[in-house]
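Take a look at the structure set out below.
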Amino acid sequence: MSTESDHSIRLEVVADVNHPAMVQFAEVYKAAFAQYPYFENFEVQWVIDEIWTPHIKDNGIVILAISNEGRCVGLTCGVKMTSDCAKSAREFLVSQRPTKRFEEVIGHRIEEFFYYSELAVLPEWQKRGVGKKLMRAYLDQIHLRSIPVTVARTAAVGSNSIHLFTKNLFEDLEVLQPMYDDVVKTESKYRVYLFYKNPKIET
(Lines give C-alpha, C1' and ligand atoms only; values in the text may rest on other atoms or scores of the structure.)
Protein backbone atom coordinates (compact mmCIF):
# COMPACT_ATOMS: atom_id res chain seq x y z
CA MET A 1 0.00 0.00 0.00
CA SER A 2 1.56 3.27 -1.05
CA THR A 3 1.27 6.04 1.54
CA GLU A 4 3.22 8.99 0.16
CA SER A 5 5.28 9.93 -2.88
CA ASP A 6 7.47 12.75 -4.18
CA HIS A 7 10.04 13.16 -6.95
CA SER A 8 12.65 11.00 -5.22
CA ILE A 9 10.91 8.34 -3.10
CA ARG A 10 7.61 6.70 -2.31
CA LEU A 11 6.73 5.20 1.06
CA GLU A 12 5.16 1.78 1.37
CA VAL A 13 3.62 0.07 4.40
CA VAL A 14 4.48 -3.64 4.29
CA ALA A 15 2.18 -6.40 5.56
CA ASP A 16 3.51 -9.36 3.56
CA VAL A 17 6.52 -11.21 4.97
CA ASN A 18 7.36 -12.33 1.41
CA HIS A 19 7.48 -8.79 0.04
CA PRO A 20 10.08 -8.56 -2.78
CA ALA A 21 12.04 -5.85 -0.95
CA MET A 22 12.89 -8.18 1.95
CA VAL A 23 16.58 -8.56 1.10
CA GLN A 24 16.94 -4.87 0.26
CA PHE A 25 15.45 -4.04 3.68
CA ALA A 26 18.16 -6.15 5.29
CA GLU A 27 20.88 -4.53 3.18
CA VAL A 28 19.74 -1.03 4.17
CA TYR A 29 19.71 -2.04 7.83
CA LYS A 30 23.18 -3.56 7.57
CA ALA A 31 24.66 -0.51 5.81
CA ALA A 32 23.07 2.08 8.11
CA PHE A 33 24.15 0.49 11.37
CA ALA A 34 27.68 -0.27 10.20
CA GLN A 35 28.49 3.45 10.32
CA TYR A 36 29.06 6.00 13.10
CA PRO A 37 28.06 6.00 15.94
CA TYR A 38 26.94 2.35 15.94
CA PHE A 39 29.66 0.37 14.13
CA GLU A 40 27.55 -2.78 14.36
CA ASN A 41 27.95 -5.71 11.99
CA PHE A 42 24.80 -7.58 10.99
CA GLU A 43 24.35 -10.40 8.52
CA VAL A 44 21.53 -10.07 5.98
CA GLN A 45 19.89 -13.33 7.07
CA TRP A 46 19.97 -12.25 10.72
CA VAL A 47 18.14 -9.03 9.85
CA ILE A 48 15.50 -11.00 7.93
CA ASP A 49 15.03 -13.52 10.75
CA GLU A 50 15.22 -11.16 13.74
CA ILE A 51 13.86 -7.84 12.44
CA TRP A 52 11.85 -8.17 9.22
CA THR A 53 9.94 -11.40 9.84
CA PRO A 54 8.86 -10.95 13.48
CA HIS A 55 7.85 -7.32 12.98
CA ILE A 56 5.49 -8.30 10.17
CA LYS A 57 4.21 -11.49 11.79
CA ASP A 58 3.53 -9.68 15.08
CA ASN A 59 1.37 -7.12 13.27
CA GLY A 60 3.97 -4.43 13.71
CA ILE A 61 4.63 -1.39 11.56
CA VAL A 62 7.11 -1.77 8.68
CA ILE A 63 7.54 1.09 6.21
CA LEU A 64 9.94 1.25 3.28
CA ALA A 65 11.28 4.23 1.36
CA ILE A 66 11.53 3.22 -2.30
CA SER A 67 13.43 5.23 -4.91
CA ASN A 68 12.10 5.95 -8.39
CA GLU A 69 14.35 3.12 -9.57
CA GLY A 70 12.51 0.68 -7.30
CA ARG A 71 15.29 0.32 -4.75
CA CYS A 72 14.70 0.33 -1.00
CA VAL A 73 16.77 3.22 0.40
CA GLY A 74 15.30 3.56 3.88
CA LEU A 75 13.14 1.82 6.45
CA THR A 76 11.37 2.30 9.72
CA CYS A 77 9.50 -0.11 11.94
CA GLY A 78 7.91 -0.66 15.30
CA VAL A 79 6.20 -3.43 17.20
CA LYS A 80 4.03 -4.04 20.25
CA MET A 81 5.93 -3.76 23.52
CA THR A 82 4.81 -7.32 24.30
CA SER A 83 6.63 -8.70 21.23
CA ASP A 84 9.89 -10.62 21.59
CA CYS A 85 11.44 -7.94 19.36
CA ALA A 86 10.88 -5.44 22.16
CA LYS A 87 12.11 -7.70 24.97
CA SER A 88 15.29 -5.78 25.82
CA ALA A 89 13.54 -2.41 25.84
CA ARG A 90 10.51 -3.77 27.71
CA GLU A 91 12.55 -5.45 30.43
CA PHE A 92 14.70 -2.36 30.92
CA LEU A 93 11.70 -0.05 31.14
CA VAL A 94 9.92 -2.34 33.58
CA SER A 95 13.04 -2.20 35.78
CA GLN A 96 12.68 1.60 35.83
CA ARG A 97 9.14 1.61 37.24
CA PRO A 98 10.19 3.14 40.59
CA THR A 99 11.26 6.36 38.86
CA LYS A 100 8.75 9.20 38.94
CA ARG A 101 9.21 10.00 35.25
CA PHE A 102 8.41 6.44 34.23
CA GLU A 103 5.20 6.40 36.25
CA GLU A 104 4.13 9.77 34.82
CA VAL A 105 4.55 8.59 31.23
CA ILE A 106 4.19 4.83 31.14
CA GLY A 107 2.32 3.96 34.32
CA HIS A 108 1.08 0.36 34.26
CA ARG A 109 -0.04 0.16 30.64
CA ILE A 110 3.19 -0.72 28.88
CA GLU A 111 1.51 -3.69 27.15
CA GLU A 112 -0.66 -1.26 25.16
CA PHE A 113 2.27 0.68 23.71
CA PHE A 114 4.52 0.29 20.69
CA TYR A 115 8.30 0.11 20.64
CA TYR A 116 9.71 2.24 17.81
CA SER A 117 12.51 -0.15 17.03
CA GLU A 118 14.23 0.96 13.83
CA LEU A 119 14.89 3.95 11.57
CA ALA A 120 17.58 3.52 8.93
CA VAL A 121 18.54 5.18 5.65
CA LEU A 122 21.30 4.21 3.23
CA PRO A 123 24.35 6.43 3.85
CA GLU A 124 24.19 7.93 0.35
CA TRP A 125 20.53 8.86 0.86
CA GLN A 126 20.95 10.51 4.24
CA LYS A 127 20.39 14.27 4.72
CA ARG A 128 17.80 14.25 1.93
CA GLY A 129 14.67 14.20 4.08
CA VAL A 130 14.09 10.46 3.84
CA GLY A 131 14.31 9.84 7.57
CA LYS A 132 11.88 12.68 8.26
CA LYS A 133 9.31 11.24 5.84
CA LEU A 134 9.70 7.77 7.32
CA MET A 135 9.20 8.99 10.88
CA ARG A 136 6.12 10.99 9.94
CA ALA A 137 4.68 7.94 8.18
CA TYR A 138 5.36 5.84 11.27
CA LEU A 139 3.53 8.34 13.48
CA ASP A 140 0.66 8.37 10.98
CA GLN A 141 0.35 4.63 11.61
CA ILE A 142 0.43 5.20 15.37
CA HIS A 143 -2.50 7.60 14.97
CA LEU A 144 -4.34 5.30 12.55
CA ARG A 145 -4.05 2.31 14.88
CA SER A 146 -4.99 4.36 17.97
CA ILE A 147 -1.79 3.42 19.81
CA PRO A 148 -1.50 5.67 22.87
CA VAL A 149 2.30 5.82 23.24
CA THR A 150 5.34 4.74 21.25
CA VAL A 151 8.74 4.48 22.92
CA ALA A 152 12.07 4.73 21.11
CA ARG A 153 15.71 4.40 22.10
CA THR A 154 18.86 5.65 20.43
CA ALA A 155 22.54 6.22 21.13
CA ALA A 156 23.14 8.85 23.81
CA VAL A 157 26.13 10.20 21.86
CA GLY A 158 26.23 10.85 18.12
CA SER A 159 22.74 9.57 17.27
CA ASN A 160 21.76 10.15 13.64
CA SER A 161 18.06 10.30 14.53
CA ILE A 162 17.67 12.06 17.87
CA HIS A 163 17.04 15.45 16.20
CA LEU A 164 14.17 13.86 14.25
CA PHE A 165 12.65 12.54 17.44
CA THR A 166 12.70 15.94 19.12
CA LYS A 167 11.32 17.69 16.03
CA ASN A 168 8.44 15.21 16.01
CA LEU A 169 7.50 15.88 19.65
CA PHE A 170 9.24 12.92 21.26
CA GLU A 171 10.22 13.66 24.86
CA ASP A 172 13.07 12.36 26.98
CA LEU A 173 12.08 9.59 29.39
CA GLU A 174 15.14 10.53 31.47
CA VAL A 175 16.63 7.06 31.79
CA LEU A 176 19.93 5.72 30.43
CA GLN A 177 20.53 2.11 29.42
CA PRO A 178 24.09 0.75 29.13
CA MET A 179 24.91 -0.66 25.71
CA TYR A 180 25.06 -4.43 25.36
CA ASP A 181 28.42 -5.96 26.25
CA ASP A 182 28.82 -7.24 22.68
CA VAL A 183 28.41 -3.75 21.19
CA VAL A 184 32.04 -2.88 21.81
CA LYS A 185 32.80 -0.51 18.95
CA THR A 186 29.99 1.96 19.45
CA GLU A 187 30.89 5.58 20.17
CA SER A 188 28.20 5.77 22.84
CA LYS A 189 28.19 3.71 26.03
CA TYR A 190 24.52 4.40 26.73
CA ARG A 191 21.13 4.54 25.06
CA VAL A 192 18.54 7.20 25.79
CA TYR A 193 14.80 6.50 25.77
CA LEU A 194 12.21 8.84 24.29
CA PHE A 195 8.44 8.68 24.04
CA TYR A 196 5.67 10.08 21.87
CA LYS A 197 2.13 10.40 23.23
CA ASN A 198 -0.64 10.16 20.68
CA PRO A 199 -2.44 13.53 21.03
CA LYS A 200 -5.72 11.94 19.96
CA ILE A 201 -5.83 9.55 22.91
CA GLU A 202 -6.13 10.13 26.64
CA THR A 203 -3.43 8.23 28.55
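The values are calculated or read from the model by the stated rules, or taken from the named source; none is laboratory data. Values in this document were obtained by computation on a predicted structure and should not be read as measured data. For neighbour counting, all protein chains shown are included, and Cβ atoms are generated from backbone atoms with ideal geometry for every residue, glycine included.
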Pairs returned, first residue in the range 60-74 that is touching a residue at least 60 places away in the same chain (Cβ under 8 Å), second residue that is among the basic types (K, R) and buried (at least 22 other Cβ atoms within 10 Å of the Cβ), beta-carbon separation under 8 angstrom, 6 or more apart or interchain, are A65/K133
With the condition kept exactly as written, say whether any residue in the range 10-27 is within 18 Å of the chain's Cα centre (by Cα), outside any helix (DSSP H, G or I), under 30 Å from Y190 (Cβ atoms) and touching a residue at least 12 places away in the same chain (Cβ under 8 Å).
no
Output the residue which, of all residues in the range 78-94 that are surrounded by fewer than 17 Cβ atoms within 10 Å (Cβ to Cβ) and in contact with a strand residue (DSSP E or B) (Cβ under 9 Å, 6 or more places away or on another chain), is nearest to D172 (Cα to Cα).
F92
Going by the structure shown, is L64 in contact with a Cys (Cβ under 9 Å, 6 or more places away or on another chain) and surrounded by fewer than 22 Cβ atoms within 10 Å (Cβ to Cβ)?
no
Across the range 180-196, the tally of residues that are among the hydrophobic types (A, V, I, L, M, F, W, C), within 20 Å of Y38 (Cβ to Cβ) and either under 17 Å from the mean Cα position of the chain (by Cα) or at pLDDT 80 or above (or both) stands at 2
Within the range 50-138, considering only helices (runs of 4 or more DSSP H) that don't extend past its boundaries, which have at least 1 residues that are at pLDDT 95 or above?
53-57
Scan the range 139-151 for residues that are part of a strand (DSSP E or B) and of a type in the set (A, V, I, L, M, F, W, C) and jot them down.
V149, V151
Note on the range 97-144: residues of a type in the set (K, R), farther than 17 Å from L194 by Cα and without any contact (Cβ under 8 Å) to a residue 60 or more places away in the chain are K127
